[in-house]
Each structure stands twice: as C-alpha cells, then as structure tokens.
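*Asks:* Got a structure for you, written out below as structure tokens; questions coming shortly.
The values are calculated or read from the model by the stated rules, or taken from the named source; none is laboratory data. This is a predicted model, so every value here is computed, not measured. Methodologically, a virtual Cβ is constructed for each residue, glycine included, from the backbone with ideal geometry; neighbour enumeration extends over all protein chains shown.
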Amino acid sequence: MQEIETVFGKTNQEKIINAKQDLDIIKIAQKMENESIKYYQNLSAAFLESKMKLFFEKLINIEKHHYDILGNTYEYLKSQTDWYTKEEKPSFEG
C-alpha cells in the first residue's frame, strides 16, 4: 500500500491543487500515468509467462491509453483549431 501512495499520494495532490491552468493539471496527470506504467512494468517483470504477467501487461496498456487520451485533451485545450486540423482532417469545399 505504501508504494501506491507514492504514485497517488499527497505530492501529486498538492501539485494539482497548486496548478495554475488546466494544461498544467493534464501534464501532472500524464506524469502520474507514466509512473503507473513503470510501476506495472516492474511488477510484470517479476513474472515469466503467467496469468499475472498478462494481467500487468493489460494494466500497462490501459495506462498507456489513459496517457494518450490526456495528450489528446491537452492538444485540444491548447489549440482547438490545430487539434481539429490534425484530428478531423478537414476538406476544403469549393
């Protein structure tokens, strides 16, 4: 339980409370996702081809997906126009 608290503990809570902008909060959340990925990778490394290894690898993939979602949200909040151009690939009508 103590190791989990280092990822989700007071330090990260204080950073979020003291964040100046939404973009700062998203970057903190991305850092937390990366810490979770590393944590699960270390746990996964302890197992050789077992259900536990597959379990931790699934958790790693879930955390990576969360990281990507946060990155997409960050880009959207930073510049909706650039995000739309990149994500929606608008066509020009003439």
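*Asks:* Starting from the stretch 19-42, take each residue that is under 14 Å from I69 (Cα atoms) and list its partners that are aliphatic (A, V, I, L, M) and assigned to a helix (DSSP H, G or I), counting only C-beta distances under 7 angstrom and pairs at least six apart or across chains.
*Replies:* The qualifying pairs are L23/L77; I25/I16; I26/L70; I28/I16; A29/L70; Q30/L70; M32/V7; E33/L70.
*Asks:* Let me ask something else about it. For the stretch 35-85, what are the residues that are within 22 Å of D24 (Cα to Cα) and of a type in the set (D, E, K, R)?
*Replies:* Hits for the stretch 35-85 are E35, K38, E63, K64, D68, E75, K78, D82.
*Asks:* Can you name the number of the only condition in (1) loosely packed, with under 13 Cβ neighbours inside 10 Å; (2) at pLDDT below 90; (3) of a type in the set (K, R) that K15 fails?
*Replies:* (1)
*Asks:* Regarding the stretch 33-42, can at least one residue be identified that is among the hydrophobic types (A, V, I, L, M, F, W, C) and either modelled with pLDDT of 90 or more or in contact with a Pro (Cβ under 8 Å, 6 or more places away or on another chain) (or both)? Explain how you work it out, then say what you get.
*Replies:* Taking the stretch 33-42 first, the residues among the hydrophobic types (A, V, I, L, M, F, W, C) are 37.
Narrowing further to those that are either modelled with pLDDT of 90 or more or in contact with a Pro (Cβ under 8 Å, 6 or more places away or on another chain) (or both): 37.
Yes, some residue in the stretch 33-42 is among the hydrophobic types (A, V, I, L, M, F, W, C) and either modelled with pLDDT of 90 or more or in contact with a Pro (Cβ under 8 Å, 6 or more places away or on another chain) (or both).
To keep it simple, each residue is scored yes or no on (1) acidic (D, E); (2) out of contact with any Leu (no Cβ under 7 Å at 6 or more places or on another chain); (3) within 19 Å of D22 (Cβ to Cβ).
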position: Y40; (1), (2), (3): no, no, no
position: L48; (1), (2), (3): no, yes, no
position: K51; (1), (2), (3): no, yes, no
position: N61; (1), (2), (3): no, yes, no
position: K64; (1), (2), (3): no, yes, no
position: T73; (1), (2), (3): no, yes, yes
position: T81; (1), (2), (3): no, yes, yes
position: K89; (1), (2), (3): no, yes, no
